[in-house]
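Every read-out reported here was derived from the displayed coordinates using simple, explicitly stated rules and does not represent laboratory data. The structure displayed is predicted, hence computed values, not measured ones. Reconstructed Cβ throughout: ideal geometry from the backbone, glycine too, with neighbour counts over all protein chains shown.
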Amino acid sequence: MLAHRWLLAVTNRDVEEACSLLDSGARSMIKRELAGFVAAGLTRSSCSALIAFVHDDVLSPQARKELSASTVSEASVTGNTATVRVGGKSNSGIIRLTRTNGGWQISEVPLATSK
């Protein structure tokens, strides 16, 4: 499943895979959410640099472990959009998907920006 592939890519620091699964809106959302970190000294704001930053500096080792073990508990498709609930032991979140000409892409991800 696409949502699980994205979580594994982030937890494994596979920045190319993680970014390839996001649509342009999701990449923009990540840039907005992490703008404070960019202002505080993160020197690059490309998708791959931001995903690497999330892996290295935002997610604790325990959070990465939980994310990699996350499961999809619910999925709902309405036309060209879908929502998927993913969760681990201590938290859950919604990943939104959009169907485009090239298939499904992630359009929104939950971000926790504290270690």
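Summary of values
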{"read-out": "Positive-end residue, the chain charge dipole about Cα centroid, Cβ charges, pick of His55, Asn91, Ser107", "value": "Asn91"}
{"read-out": "Descending semi-axes in whole angstrom, ellipsoid equivalent of the chain, from the Cα gyration tensor", "value": "22, 17, 12"}
{"read-out": "Listed residues Thr81, Cys19, Ala9: farthest to the positive end of the dipole of the chain (Cβ charges)", "value": "Thr81"}
{"read-out": "Computed lengthening from Glu74 to Ala35, 0.36 nm per intervening residue step minus Cα-Cα distance", "value": "11.0 nm"}
{"read-out": "Length gained when the stretch His4-Ser24 is fully extended (0.36 nm per residue, less Cα-Cα span)", "value": "5.3 nm"}
{"read-out": "FRET efficiency, Lys65 to Thr98 (Cβ-Cβ, R0 41 Å, nearest 0.05)", "value": "0.90"}
{"read-out": "Mean Cα-pair separation over length for the stretch 2-108, i.e. relative contact order, pairs under 8 Å, 6 or more apart, %", "value": "28"}
